[in-house]
Amino acid sequence: MQWIRAYDGESGVWSYFEFDDEGWALRHVDLQGLQRQPVTAASLAEVLEIRDRGDLAAMAAYEQQYGVLAEGTPGGWQETNGAAEITRQEFESTWAAAREALDAGSHRGDDLITEYQQKLRERYLAAVVMPAPELWQPVMDRRTPIGGLLGIGFAVHPDSGHDLVMVVSSDGHGLFDAVTGEKIARDRDPAPETSTPDAHPDLTCPGLGPIAGVPVRIAGLFGGGLHSTTSDGWTLDVISPEWPHDRVILSADGGSHKGPDGGTWWHVFHSEYSELRAAGFSPSGLTLAVATSSDLTLWTRPGLHFDG
């Protein structure tokens, strides 16, 4: 067993971990801010017990009360600023205090969500899925079935200049033209050491077809992320007012989502049947992609537009 304390200066969070001999996090505590307010005190045993029951409502309630258990191993923690190994006694006292505080907080019920937050939640729940604004055109029939999709990344075609979307799935790698939707390359048997992005510290996989050998950063199951904004003012947000079903919101108002839906913001995708893997823009800002565990959805536009 191993107990580690680490500090993230950007978020102001102290994290405490208990790892087993194989490097799995058994318990995890997060303390936020100068007051070290407990925000997470999650246990692997409790999480697995709920998962085994298949009770999504219970899992949502658990994560609302105790936070989300960290995943991964402690490898490399010695190089992390502010990280140190601690005693079991220090971890246990921190754990007990955090659980006591979070248990007390659960009895406040509706006090945990303000009236404003409740109205905002209801607003998102009422917003129906609608087409993106006319500028953003769906690529082909929008949803391309890809079973076992793990993640996606963007590249640029060296000849046409089109955005390309690289897909990593349990069935290999694929490369799509983001303007036409055409599949232009396929590798059903990539090298095991590069078949998934978690083998590389930058979460990359080698490209294929016209971008063969070029490293492509992949966002999805193993982490990472796509651009959430464009240089001419579009914003993409993923919200979960009814977890675990994610909603993808495209907006032209900087993400404030003011006014009725369909005005300056659009609910363009609802992941209610598969797990969301990644959503965002290409670096060029000309492609919008939403990837789930079962399909890929693309929108494209001809160019950037700056007011004035």
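The values are calculated or read from the model by the stated rules, or taken from the named source; none is laboratory data. Just so it is clear, the structure is predicted and the values come from calculations on it, not from any experiment. Cβ atoms come from the backbone with ideal geometry, glycine included; neighbour counts cover every protein chain shown. Heads up: the accessible areas ignore ligands, DNA and RNA and are worked out on the full protein's heavy atoms, side chains in. Shrake-Rupley method; radii C 1.70, N 1.55, O 1.52, S 1.80 Å.
With N set to the number of residues, divide the alpha-carbon radius of gyration of the chain by 2.2 N^0.38 Å and report two decimals.
1.11
Give, in nm to one decimal, the length gained when the segment between Phe222 and Ile239 is fully stretched (0.36 nm per residue of separation minus the Cα-Cα distance).
4.2 nm
Per 0.36 nm of contour for each residue apart, how much would the distance between Asp141 and Glu193 grow if the chain were fully extended, relative to their Cα-Cα spacing?
So the chain would gain 15.3 nm between Asp141 and Glu193.
Collect residues whose amide H, placed 1.01 Å from N in the peptide plane, falls under 5 Å from the amide H of His227; neighbours closer than 5 in sequence don't count.
Phe281
Would you kindly derive the ³J(HN,Hα) couplings of the stretch 251-258 from the backbone phi angles with the Karplus curve 6.51 cos²θ - 1.76 cosθ + 1.60 (θ = phi - 60°), listing them in order in whole Hz, with x for Gly and Pro?
So the Karplus estimates, Gly and Pro as x, are 9, 10, 10, x, x, 7, 6, 7 Hz.
Using a simple charge model, +1 on the beta-carbon of Lys and Arg, -1 on the beta-carbon of Asp and Glu, nothing else, what dipole does the stretch 190-308 show about its Cα centre, in debye to the nearest 20?
In total the dipole reaches around 220 debye.
Mind computing the radius of gyration and Dmax over the alpha-carbon atoms of the stretch 248-308? Å is fine for both.
Final numbers for Rg and Dmax: 12.9, 42 Å.
Take the Cβ-Cβ distance between His270 and Asp232 as r, set R0 to 22 Å, and report the resulting FRET efficiency rounded to the nearest 0.05.
It comes out at approximately 0.25.
Are there GluC sites (Glu not before Pro) in the stretch 144-242 that DSSP marks as loop and that have at most 13 other Cβ atoms within 10 Å, and which are they?
Qualifying residues, ordered by number: Glu182.
Output the relative contact order of the chain, whole-number percent, from Cα pairs under 8 angstrom with separation of 6+ residues.
In percent, rounded to a whole number, it is 14.
Between Tyr16, Tyr62, Tyr116, which gets the highest mean-square fluctuation from a Gaussian network model of the chain, Cα cutoff 10 Å?
Evaluated over the chain, the most mobile residue of the options is Tyr116.
Looking at the chain as a GNM with Cα springs under 10 Å, which of Pro138, Pro260, Pro283 has the largest mean-square fluctuation?
Checking each option, the largest mean-square fluctuation is seen for Pro260.
Let me test this: with uniform point scatterers at the alpha carbons of the stretch 1-62, what is the Debye-based log₁₀ I(q)/I(0) at q = 0.29 1/Å?
Reported log10 I(q)/I(0), two decimals: -1.08.
Hey, got the dipole for the chain? About the Cα centre, +1 on K and R Cβ, -1 on D and E Cβ, debye to the nearest 20?
Charge dipole of the chain: 620 debye, to the nearest 20.
In whole Hz, with x marking every Gly and Pro, tabulate ³J(HN,Hα) for the stretch 175-191 from phi via Karplus 6.51 cos²θ - 1.76 cosθ + 1.60, θ = phi - 60°.
10, 10, 7, 6, 8, 9, x, 5, 7, 10, 7, 8, 9, 7, 9, x, 4
Kirkwood Rh, the stretch 178-255, all Cα pairs: how many Å?
For the stretch 178-255, inverting the mean 1/r across all distinct Cα pairs yields 15.2 Å.
Along each of its three principal axes, how wide is the spread of alpha-carbon positions in the stretch 195-308, in whole angstrom units, largest first?
45, 38, 21
For the pair Val68/Asp159, report the inter-label distance in nm, with labels modelled 7 Å from Cα in the Cβ direction.
Label-label distance for Val68 and Asp159, simple model: 4.1 nm.
Give me the 1.4 Å probe accessible area per residue for the stretch 265-308, excluding ligands and nucleic acids, in Å².
Accessible surface, normalised per residue, equals 36 Å².
Relative to a virtual label point 7 Å from the Cα of Glu134 in the Cα→beta-carbon direction, which members of the stretch 251-269 show backbone nitrogen distances below 18 Å?
252, 262-266
Can you give the helix-only mean residue ellipticity at 222 nm for the chain, where every DSSP H stretch with n ≥ 4 adds -39500 (n - 2.57) and the sum goes over all residues, rounded to the nearest 500 deg cm²/dmol?
After summing the helix terms and dividing by the residues of the chain, the value is -5500 deg cm²/dmol.
Could you please report the charge total around Trp14, scoring K, R as +1 and D, E as -1 over all other residues with beta-carbon less than 14 angstrom from its beta-carbon?
With Lys, Arg at +1 and Asp, Glu at -1, the net is -2.
Carbon and sulfur atoms: what percent of the 1.4 Å accessible area of the chain do they account for?
Carbon with sulfur: 52 percent of the solvent-accessible area.
So which residue, out of Arg99, Arg123, Arg53, gets the largest mean-square fluctuation from a GNM of the chain using Cα contacts under 10 Å as springs?
Evaluated over the chain, the most mobile residue of the options is Arg53.
Using Cα centres only, tell me the gap between the stretch 10-52 and the stretch 169-208 in whole Å.
Cα centroid to Cα centroid, the span is 33 Å.
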